[in-house]
Amino acid sequence: MASGQQVDSPARDIRFAFPSVPVKLLAPERLIPIYALGVVGAFLQITGAQWDVSAHILGIVETFFTPAHTVLYTGIGMVAIASLSGLVLRTNMAARGKLSPSFFRGVSIAAFGTALQIIAAPIDFWWHSTYGFDPFLFTPAHSLLIVGMIIGGVGMLIGSMRLLRARRAGEEFPGPPRLVKLVPAIVILGLAAVWAQLNFLGYWATDITGMAYTFGYCSIPQFRAFRCSPVNGDSLASLVSFLVASGIFAAAGTIIFWTSKSLFRRRGVITGIALIIAAVYSAAALGFSAFEMSFSNPPGSWYVTNISPDQGARIALFIPVYLLSLIPVLVLDLSTRISLRRSRMVVLSALIGPFTALVDGRFSLGVSESSLDLMGFAFLLFPMIVGDSRGGPY
């Protein structure tokens, strides 16, 4: 071989091939897949959480490693990967000046929520191993998981909304057209996830039974004998917590209603979002409970006792009735314009909230099985209307 001629070798090819890999992985085009991964992860988290709550309520959780936990922690892992990838991409793109820092605010918020959940995971394992598989939301580990889940979901939604607005404004946008076209769908799924997460926050913030359990106000034997009087179903504290939760559900639905209207400015979007949520409740909450009660004879818990197949059949028959709650949402969706004066939007929010609150399947079931009379329902509407006004136009 002639002197000075370079010889290509496999080692040389590998040495020069590897440096190109990080560049490819950190290309601006990865921004949309990062938010897509994070939004899907947030959606899986709330789906797994609903499934897990149903299992806890029925008393059938015997191990930490359950299918519901698998879905939940898969979602946590997806948000964690998306957040970490986004932070690395932000550092890389900031050095090159290729992408605005505003594109990365969402992943920064989500990263904080993920950090809380990563801290909570071993605590959750220890808590369940030490104290058993309680049916309460308000425990130290569950509280960290829930708050982290909501922060992560909101972060991913904020980031995907920024992408949507950039696309609408004609800003320089990273990614091939086929990926850019997916941005509206990512935002819609993100809105559905956050709506369900805000409802979940309502249950956590008003879980007075879990608070009494966590802070040792009542002993376990008292709970099992239904002698923890402050949190029994007929107590004043239970009534207040139910009313506060109703207001939170109404506010959450109203926030998502107007947000979707302002983002898409067309009819039908909020109905699609409500359908996604209804599918989650119908399967992971109502459907799972109905199936287990009908065929598996679960032991039950503080929340549900004397379980029978008849209870399961009743919940199964309620699911079609629950889906009818989407009809008022559809009517309001098709008849509402975003170009309204603020005063009219506030008034309209008082009508929207009670119907969007019923999109929460557990809440709808609770209302349907309650002993409220006409006066009681009128009383229930008050916190929902107050929640509407707080969650309405902003």
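The values are calculated or read from the model by the stated rules, or taken from the named source; none is laboratory data. Given the structure is predicted, the values throughout are model-derived calculations rather than measurements. Here the Cβ positions follow ideal geometry from the backbone for every residue, glycine too, while neighbour counts run over all protein chains shown. Only protein heavy atoms, including side chains, enter the accessible area calculation; ligands, DNA and RNA are left aside. Shrake-Rupley method; radii C 1.70, N 1.55, O 1.52, S 1.80 Å.
Taken over the stretch 279-308, the criterion of being over 19 Å from the mean Cα position of the chain (by Cα), assigned to a helix (DSSP H, G or I) and not charged (D, E, K, R) is satisfied by Ser289, Ala290, Phe291, Met293, Ser294, Phe295. Restricting the first member to the stretch 237-255 and to residues that are farther than 15 Å from Leu351 by Cα, and the second to residues that are part of a helix (DSSP H, G or I) and of a type in the set (Val, Ile, Thr), the beta-carbon pairs closer than 7 Å and six or more apart or on different chains are Ala237/Ile208; Ala237/Val231; Ser238/Ile208; Ser238/Val231; Ser241/Ile208.
Glu171 meets each of the listed conditions (1) at pLDDT below 95; (2) over 30 Å from Thr214 (Cβ atoms); (3) in a helix (DSSP H, G or I) apart from (3).
Quick check on Ile277: is it open to solvent by less than 30 Å² (accessible area, probe 1.4 Å) and in contact (Cβ under 8 Å) with a residue 60 or more places away in the chain?
Values: open to solvent by less than 30 Å² (accessible area, probe 1.4 Å): yes; in contact (Cβ under 8 Å) with a residue 60 or more places away in the chain: yes.
Here the answer is yes, as Ile277 does meet what is asked.
Can Leu334 be described as of a type in the set (A, V, I, L, M), open to solvent by 60 Å² or more (accessible area, probe 1.4 Å) and modelled with pLDDT of 85 or more? Give the derivation first.
On the way: of a type in the set (A, V, I, L, M): yes; open to solvent by 60 Å² or more (accessible area, probe 1.4 Å): yes; modelled with pLDDT of 85 or more: yes.
The answer is yes for Leu334.
Only one entry of Ala196, Ala185 meets the criterion of being at pLDDT 95 or above, assigned to a helix (DSSP H, G or I), crowded, with 19+ Cβ neighbours inside 10 Å and within 24 Å of the chain's Cα centre (by Cα), and that entry is Ala196.
Does the stretch 124-139 contain at least one residue that is among the hydrophobic types (A, V, I, L, M, F, W, C), within 15 Å of Ala82 (Cβ to Cβ) and in a helix (DSSP H, G or I)?
Narrowing the stretch 124-139 to residues among the hydrophobic types (A, V, I, L, M, F, W, C): 125-127, 133, 136-138.
Restricting the remaining residues to those that are within 15 Å of Ala82 (Cβ to Cβ) gives none.
No, the stretch 124-139 contains no residue that is among the hydrophobic types (A, V, I, L, M, F, W, C), within 15 Å of Ala82 (Cβ to Cβ) and in a helix (DSSP H, G or I).
Residues in the stretch 284-319 that are of a type in the set (A, V, I, L, M) and in contact (Cβ under 8 Å) with a residue 24 or more places away in the chain: Ala284, Ala285, Leu286, Ala290, Met293, Val304, Ile307, Ile315, Ala316, Ile319.
State whether one or more residues within the stretch 85-107 are crowded, with 21+ Cβ neighbours inside 10 Å and among the polar types (S, T, N, Q). Spell out how you get there, then give the answer.
Kept after step one, since they are crowded, with 21+ Cβ neighbours inside 10 Å, are these residues of the stretch 85-107: 86, 89, 93, 103-104, 106-107.
Subset that is among the polar types (S, T, N, Q): none.
Among the residues of the stretch 85-107, not one is crowded, with 21+ Cβ neighbours inside 10 Å and among the polar types (S, T, N, Q), which makes the answer no.
I'd like to know if the stretch 134-157 contains one or more residues that are within 20 Å of the chain's Cα centre (by Cα), of a type in the set (A, V, I, L, M, F, W, C) and more than 30 Å from Val231 (Cβ to Cβ). Yes; the residues of the stretch 134-157 include at least one that is within 20 Å of the chain's Cα centre (by Cα), of a type in the set (A, V, I, L, M, F, W, C) and more than 30 Å from Val231 (Cβ to Cβ).
When Leu239, Leu191, Leu243 are checked against the criterion of being at pLDDT 90 or above and either of a type in the set (A, V, I, L, M) or in contact with a Cys (Cβ under 6 Å, 6 or more places away or on another chain) (or both), Leu191 stands alone in meeting it.
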